[in-house]
1. Being surrounded by fewer than 14 Cβ atoms within 10 Å (Cβ to Cβ) and more than 23 Å from Gln76 (Cβ to Cβ) is the filter here; which residues of segment 98-156 pass it?
2. Looking only at segment 15-36, how many residues end up being more than 19 Å from the chain's Cα centre (by Cα) and within 24 Å of Arg121 (Cα to Cα)?
3. I need the full set of residues from segment 50-94 which are in a loop (DSSP other than H, G, I, E, B), hydrophobic (A, V, I, L, M, F, W, C) and touching a His at 6+ places or on another chain (Cβ under 7 Å), in order please.
4. Give Arg44, Arg34 a once-over and let me know the one that is crowded, with 16+ Cβ neighbours inside 10 Å and assigned to a loop (DSSP other than H, G, I, E, B).
5. Restricting to segment 1-31, and then to whatever is part of a helix (DSSP H, G or I) and aliphatic (A, V, I, L, M), can you tell me which residue is nearest to Asp78 (Cα to Cα)?
6. Could you tell me which residue of segment 170-190 is surrounded by the fewest Cβ atoms within 10 Å (Cβ to Cβ), considering only residues that are polar (S, T, N, Q) and more than 15 Å from Glu133 (Cα to Cα)?
Amino acid sequence: MTQDQVSRSYRRFVKQYPDLLEWFQAPLPERIGRLLGEDAEQIRFPVSYYARPYLMFLGVYGYALFDWDWLLTVPQLDIGPLLAYENLDLGVGKLVESTVRLGYTWEPQQIERSFNWSVWRMFMHSRVHHVDEITDDHVAELFQTIHSLEQRVDVTLFFGSIMQNQKIVVQRRRSLYRLHMVLYHRGQVATYPNMARKVEARPVLNPILEQVVTRYLAERRQTARPGTVKNFEVTLRKLVTWLSEVHPEIHV
């Protein structure tokens, strides 16, 4: 985008959301702006889509902290140029050097991109200004958030399908695992990394609906393939979560 385009996008954004809190309270698809599969003429929420550079500016300069849902859903969160322009060094380069010294054989450019994925989002969410500030709590929070995003009923709007989302979860978990492993071996965190780390159980939001889903899945297992049943389960659990939040009066 040119400087003039950025300026116009900023003016449209502040006109529609004069109070930034209004944007934060809007539904996630509206805040993402351009959903998967939409071309330039079909963008459902163009104001938010074209304001992404402005939003990243707010995050880098410390004017706003962003929620995990947006940070994990917005495509191509590249704050590298802004960080470089402001001479803000989050320490990823030095961490890559530590990785080499520790004997890891990961390709440096690839591991830098992998580290950036996690570190940039921690920076935008909780103002972790340097990798030296990352704690076990930061890693655990991001790990849990990566998995909890799967519970959203609208996840297919952002990633296309449940199967594709599951692949993305694996990729993100691997990126965070690599960061966690290096931090552990340099003595910065105490918890040993585990790719199969236990995720907190999803709470039972509506016992009656949960029972209906459980009975339905039991019947489907008699005739359907395991992968098909798993997809049904993920979709139905999301539906239960959505109904429990939006229509809590539904009990049957």
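1. Val100, Arg101, Leu102, Gly103, Thr105, Asp132, Asp137
2. If we filter segment 15-36 for residues that are more than 19 Å from the chain's Cα centre (by Cα), which is where we start, we get 15-22.
Of the ones still in play, those that are also within 24 Å of Arg121 (Cα to Cα) are 17, 19-22.
Number satisfying all stated conditions: 5.
3. Step one: of segment 50-94, the residues in a loop (DSSP other than H, G, I, E, B) are 51, 61-67, 74-79, 86-91.
Then keep just the ones that are hydrophobic (A, V, I, L, M, F, W, C); that gives 51, 64-66, 74, 77, 79, 88, 90.
Correct list: Leu65, Phe66, Leu90.
4. Values: Arg44 fails: crowded, with 16+ Cβ neighbours inside 10 Å.
From the options Arg44, Arg34, the qualifying one is Arg34.
5. Val6
6. Here is the first cut: in segment 170-190, the residues polar (S, T, N, Q) are 171, 175, 188.
The next check asks that each one be more than 15 Å from Glu133 (Cα to Cα); those that pass are 171, 175.
Details: Gln171: 13, Ser175: 19.
Here the answer is Gln171.
Conditions tested, residue by residue: (1) outside the structural domain of Val169 (by TED's automatic domain parsing); (2) at pLDDT 75 or above.
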residue: Tyr184; (1), (2): no, yes
residue: Ala190; (1), (2): no, yes
residue: Asn194; (1), (2): no, yes
residue: Gln211; (1), (2): yes, no
residue: Thr223; (1), (2): yes, yes
residue: Thr228; (1), (2): yes, no
residue: Thr235; (1), (2): yes, yes
residue: Trp242; (1), (2): yes, no
residue: His251; (1), (2): yes, no
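The values are calculated or read from the model by the stated rules, or taken from the named source; none is laboratory data. Just so we're clear, the structure is a prediction, and the values are computed from it rather than from any experiment. All Cβ positions, even for glycine, are placed from backbone atoms using ideal geometry, and neighbour counts span all protein chains on display.
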